[in-house]
Amino acid sequence: NILYLDTGAMYRACALRALNRGANLEDEASVIDCMRDLSLEIRYEDGAQVTILDGEDVSERIREPEVSMAASTVSQYPAVRLKMVEKQREIADRMSCVLDGRDIGTFVLPEADFKFFLTAEPAVRAKRRYDELKAKGYPVDLKELEAEIVRRDEQDSSRALAPLKQAEDAVLIDTSRMTPDEVLEELKRRIQEKI
């Protein structure tokens, strides 16, 4: 019964809003301008996170490849990142939760009780995302998806504010050759060791 918050969905919603409003994603002022009256809500319905942007459920739309790349671009702007981090910290202050994101252990919640840095080879991550998108009916190219993942990692790792990196006290788990159940068991084992 611990809340799960996919923080990436919040940045994806910002990106979708910027795209919807025709913002120039390469121009920080243009992106910030369309975030001014942002209405973003994260709800949980039937055990799943639902992302509500300007009153509309955009949970599926924010997973489209174009939005994924745009999220990496808009999330590098400090004003966007700080606005989302503030929301994430508010949620974490209210309840026990699991946060998933690229800067949680280093920037959003550096004092978290448990920190894990999950990774996998780009080809494996691409195949996982490919299968997920194909199952939802999106036309995707596996090689193109892998190239986007590599570009996004490079962009997120090199941003000035809260770059993608492993926290010094985070446990590194390479999931490349693990099933979801095996990852879960490893996380539980590491938590049990600590408590």
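Of note:
- Out of 39, 68, sole residue that is farther than 26 Å from residue 149 by Cβ and not aromatic (Phe, Trp, Tyr): 39
- Residue tally, condition in contact with a helix residue (DSSP H, G or I) (Cβ under 7 Å, 6 or more places away or on another chain) and farther than 20 Å from residue 88 by Cβ, over segment 42-61: 1
- A search for C-beta distances below 7 Å between a residue of segment 65-92 that is more than 20 Å from residue 26 (Cβ to Cβ) and any residue that is among the polar types (S, T, N, Q), counting only pairs 6+ apart in sequence or on different chains, returns 88/7.
- Options 34, 14; residue that is without any contact (Cβ under 8 Å) to a residue 40 or more places away in the chain and surrounded by 15 or more Cβ atoms within 10 Å (Cβ to Cβ): 34
- Residues of segment 38-65 that turn out to be acidic (Asp, Glu) and modelled with pLDDT under 90, as a count: 4
- Here residue 129 meets each of (1) in contact (Cβ under 8 Å) with a residue 40 or more places away in the chain; (2) within 25 Å of residue 180 (Cα to Cα); (3) under 14 Å from the mean Cα position of the chain (by Cα) with one exception, condition (1).
- Test result for residue 187, assigned to a helix (DSSP H, G or I), within 13 Å of residue 118 (Cα to Cα) and open to solvent by less than 90 Å² (accessible area, probe 1.4 Å): yes
- Residues satisfying the stated conditions in segment 52-68, i.e. exposed (fewer than 15 other Cβ atoms within 10 Å of the Cβ) and acidic (Asp, Glu): 54, 56, 57, 60, 66
- Among the residues making up segment 91-109, a single one is part of a helix (DSSP H, G or I), surrounded by fewer than 16 Cβ atoms within 10 Å (Cβ to Cβ) and either within 15 Å of the chain's Cα centre (by Cα) or among the acidic types (Asp, Glu) (or both): 93.
- Any hit, segment 129-145, residues being within 25 Å of residue 97 (Cβ to Cβ) and among the hydrophobic types (A, V, I, L, M, F, W, C): no
- Of 131, 113, all but one fail to be in a helix (DSSP H, G or I) and surrounded by fewer than 15 Cβ atoms within 10 Å (Cβ to Cβ); the exception is 131.
- Search result, residues across segment 159-181 that are farther than 15 Å from residue 107 by Cβ and either surrounded by fewer than 16 Cβ atoms within 10 Å (Cβ to Cβ) or without any contact (Cβ under 8 Å) to a residue 40 or more places away in the chain (or both): 172, 174, 176, 177, 178, 179, 180, 181
- You will find that of 49, 88, the residue that is open to solvent by less than 10 Å² (accessible area, probe 1.4 Å), within 12 Å of residue 7 (Cβ to Cβ) and not aliphatic (A, V, I, L, M) is 88 and no other.
The values are calculated or read from the model by the stated rules, or taken from the named source; none is laboratory data. Owing to the predicted nature of the structure, the values given are computational and were not obtained by experimental measurement. For neighbour counting, all protein chains shown are included, and Cβ atoms are generated from backbone atoms with ideal geometry for every residue, glycine included. Remember, those area values only see protein heavy atoms, side chains included, never the ligands or the DNA or RNA. Shrake-Rupley method; radii C 1.70, N 1.55, O 1.52, S 1.80 Å.
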